[in-house]
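Quick notes on the structure that follows.
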Amino acid sequence: MILRLLRLVPDDTKYPFVRWRRIFFPLSALLTVVSMGAFLIFGLNLGIDFRGGTLLEVQSRASSADLSAMRTTLGELNLGDIQLQEFGSPRDVLIRFEQQPGGDAAQQAVVERVRKTLGDAYEIRRVEVVGPTVSGELLRAGVIGVALSLLCIWIYLWFRFEWQFAVGAMIATLHDLTLIIGFYAITQVDFDLSAVAVVLTIAGYSLNDTVVVFDRIRELLRRYKKMPLNDLLDLAINTTLPRTVITGATTFLALLGLTFFGGEVLSAFTQAMLVGVVVGIYSTTFIASPILIYLGVRTQTVGEASPPVARAKIEAPAS
């Protein structure tokens with residue numbers, strides 16, 4: 001009885017997901033265009049990691065650092081974007097502020113202003129300046145790292161499955177990443193190294209979900225040689241739906257907790273992850289699998305034929 005209450009997806013679901021592609025494909029195309037337009041119009045609000053700036057490691061002389069008071073005090077210096085992050089013990093704080101005009105002399109002057117503002121309550125233990133050259137290299141390295149990671153995964157899928165599956169996964173992944181970039185462009189949340197981690201994590205999450213469904217599709221292609229491809233794809237999505245929903249729900253709830261209780265430091269990261277998880281589940285179900293119809297996946301493969309499964313009888317838009 002308890003297991004039935006905890007079951008999020010009923011047994012033997014027969015939702016005709018593939019028939020909804022005529023709605024979700026145009027919707028995804030519209031969201032992709034909006035995301036690209038937002039990126040071209042607004043651009044990304046590059047964080048200190050990519051714009052350059054200064055990092056200070058300070059330690060409170062009291063038992064713990066008061067981040068709220070520090071944020072208010074340092075905000076009065078008008079240094080632009082300032083990030084405070086507690087790390088290690090409650091006494092240790094990382095302070096990041098963006099590159100100031102005027103070269104190295106200006107950066108040193110800002111460090112002195114911060115030192116005087118904090119006073120004797122805090123000890124400055126480390127100072128690092130990230131110049132425009134280093135920040136530009138970080139941005140290029142981040143883009144190259146994401147591109148190479150995705151390329152290796154797509155090559156693996158090409159050999160692991162057929163080329164149609166690799167192309168389908170590639171389209172779905174690019175769709176997800178475009179929407180994530182659109183989220184950063186529209187909200188103007190800082191795009192820094194943690195955002196690169198978000199992009200890679202969401203790409204991995206989406207691809208993992210997609211590979212699970214693709215593996216079931218390949219299994220069914222061998223088992224039901226004469227089943228119409230639409231019905232076969234629906235069967236594959238429905239049989240993996242409990243796993244998709246449970247994985248997505250648990251991940252979403254964990255991120256929701258971090259969003260509300262993780263503080264300001266984790267807020268941008270978890271919000272982007274929440275959007276990415278929803279987009280990843282959506283693309284796996286409504287983009288990656290139905291697009292195989294247009295890529296010419298073979299409906300007859302090696303294996304023994306079994307009786308075809310009846311077509312789902314749930315109302316949906318006509319295919």
Of the residues ASP190, ASP176, only one is in contact with a strand residue (DSSP E or B) (Cβ under 9 Å, 6 or more places away or on another chain), within 25 Å of ALA272 (Cα to Cα) and in the same structural domain as VAL33 (by TED's automatic domain parsing); which? ASP190
Just to be sure I understand, how many residues within segment 9-39 are closer than 14 Å to PHE286 by Cβ and touching a residue at least 60 places away in the same chain (Cβ under 8 Å)? 14
In segment 54-75, anything under 24 Å from ASP192 (Cα atoms) and free of Cβ contacts under 8 Å to residues at least 12 places away in the same chain is listed as SER68, THR72, GLY75
Provide a single number: the residues in segment 90-105 that are more than 28 Å from the chain's Cα centre (by Cα) and at pLDDT below 75. 6
Filter segment 187-230 for residues that are farther than 16 Å from PHE161 by Cα and hydroxyl-bearing (Ser, Thr, Tyr); which is surrounded by the most Cβ atoms within 10 Å (Cβ to Cβ)? SER206
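Report yes if ARG222 is in a helix (DSSP H, G or I), touching a Gly at 6+ places or on another chain (Cβ under 9 Å), basic (Lys, Arg) and farther than 30 Å from LEU94 by Cα, otherwise no.
Yes.
The values are calculated or read from the model by the stated rules, or taken from the named source; none is laboratory data. Since the structure is predicted, the reported quantities are computational estimates derived from the model, not experimental observations. For neighbour counting, all protein chains shown are included, and Cβ atoms are generated from backbone atoms with ideal geometry for every residue, glycine included.
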